[in-house]
Amino acid sequence: MDDIPAISYRRARFTISAPSLRECPADQGAEVAFAGRSNAGKSSAINRLTENKKLARTSKTPGRTQQINFFELGEQQRLVDLPGYGFAKVPPEVKRKWEKHLEEYLRQRQCLRGLVLLMDIRRPLGAFDSTMLAWAIESEMPVRILLTKADKMSSGAAKTELLKVRKQLLSYGGQTQAQLFSALKGTGLEELREQLDVWLAAAEDAEPIEQEDS
């Protein structure tokens, strides 16, 4: 970790919303994608990470992120906000189109170095989460799970839930790891930044950082 330079996430800036893989930026450099159910707190996590409350759109109406949104960090490094699923009130045909474009992005994007999968700590490992994890194993893609809204539980209860999730993840191998996260309190923020630094350095042999209990 010592020889991997820390990235300034505050310099993130929105560049483009792509409805499909064709409209995405050039497939070069390194990027990390954020995915999760529509109420998992993706936009809030990105905004807390970058210290910019207005960077990613947040809404009381889940499912507002309907395209693949790119945020440039510089030096061909990007964060990507993927469409949310679950509670989005959209027609079935629109949802199917989202799923098709998401699958194309995940399977074909060569510069994708890691996936941040967000789950509400009170409702982890749902059907969509399992689908994403199955894809990640098939693609040998490293995953960092953020158990969001950890502030909604006591410290002891949150740690108990974290240990339970980690036990369930053992069958997924060492490339899938989990941590607590709270956009409101900043819980787990530094741990997330350290992992992103590793992935965005595009070091193919870099190992996931050691998990912490908090």
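Bear in mind that the values in this text are calculations on the coordinates, not laboratory data. The shown structure was predicted, so the numbers you read here are calculated from the model rather than taken from an experiment. Note: ideal-geometry Cβ built from the backbone for every residue, glycine included; neighbour counts use all protein chains shown.
Toward the positive end of the charge dipole of the chain, about the Cα centre and with charges on Cβ (Lys, Arg +1; Asp, Glu -1), which of Leu21, Gln175, Val198 goes farthest?
Towards the positive end, the residue furthest out is Leu21.
Give the long-range amide H neighbours of Ala178: residues separated by 5 or more places, or on another chain, with amide H under 5 Å away, using H modelled in the peptide plane at 1.01 Å from N.
Correct list: Ile145.
About the Cα centre of the chain, what is the dipole size in debye to 20, counting +1 per Lys and Arg Cβ and -1 per Asp and Glu Cβ, all else neutral? Can you show the working numbers first?
Numbers: 32 positive and 29 negative charges, 306 e Å.
Rounded to the nearest 20 debye, it is 1460 debye.
What are the residues whose amide H is under 5 Å from the amide H of Ala18, where those residues sit 5 or more places off or on another chain and H is modelled from the backbone?
Here the answer is Ile68, Asn69, Phe70, since their amide H atoms fall under 5 Å of that of Ala18.
Nearest 500 deg cm²/dmol is fine: what mean residue ellipticity at 222 nm does the chain get from its DSSP H runs of n ≥ 4 alone, each adding -39,500 (n - 2.57), divided by its residue count?
Helices in the chain give a 222 nm mean residue ellipticity of -10000 deg cm²/dmol.
Under the Karplus relation 6.51 cos²θ - 1.76 cosθ + 1.60, θ = phi - 60°, what is the ordered set of whole-Hz ³J(HN,Hα) values for segment 147-153, x standing for Gly and Pro?
Residue by residue, segment 147-153 yields 7, 6, 6, 4, 5, 6, 10 Hz.
For a quick check: with amide H placed at 1.01 Å from N, whose amide H comes under 5 Å from Gly36's, ignoring anything fewer than 5 positions away on the same chain?
It is Tyr85, Leu118, by chain and number.
Sorting Trp199, Trp135 on the 10 Å Cβ count, fewest up front, what's the list?
Ordered from fewest to most neighbouring Cβ atoms within 10 Å, Trp199, Trp135 come out as Trp135, Trp199.
Applying the Karplus parametrisation 6.51 cos²θ - 1.76 cosθ + 1.60 with θ = phi - 60° to the phi angles of segment 194-200, what ³J(HN,Hα) value in whole Hz is obtained for each residue in order, glycine and proline being reported as x?
Taking θ as phi minus 60°, the curve returns 4, 5, 5, 4, 5, 5, 6 Hz for segment 194-200.
Set the bar at 25 Å for Cα to Cα. Now go through Lys53/Lys152; Lys100/Lys152; Lys54/Lys159; Lys53/Lys149 and name every pair that lies beyond it.
Over 25 Å Cα-Cα: Lys100/Lys152; Lys54/Lys159.
Find the relative contact order for segment 9-200 and round it to a whole percent, using C-alpha pairs within less than 8 Å whose residues are 6+ positions apart.
Relative contact order of segment 9-200: 24 percent.
Taking every DSSP beta bridge that has both residues in the chain, what percent is antiparallel when rounded to the nearest 5?
Here the share of antiparallel DSSP bridges comes out near 30 percent.
May I ask you to order 111-121, 159-169 by the average number of other C-beta atoms within 10 Å around their residues, highest value first? Could you put the intermediate results ahead of the total?
Details: 111-121: 22.6, 159-169: 15.5.
Highest to lowest by the protection proxy: 111-121, 159-169.
Applying the Karplus parametrisation 6.51 cos²θ - 1.76 cosθ + 1.60 with θ = phi - 60° to the phi angles of segment 108-115, what ³J(HN,Hα) value in whole Hz is obtained for each residue in order, glycine and proline being reported as x?
Values per residue, Gly and Pro as x: 10, 6, 6, 8, 6, 9, x, 10 Hz.
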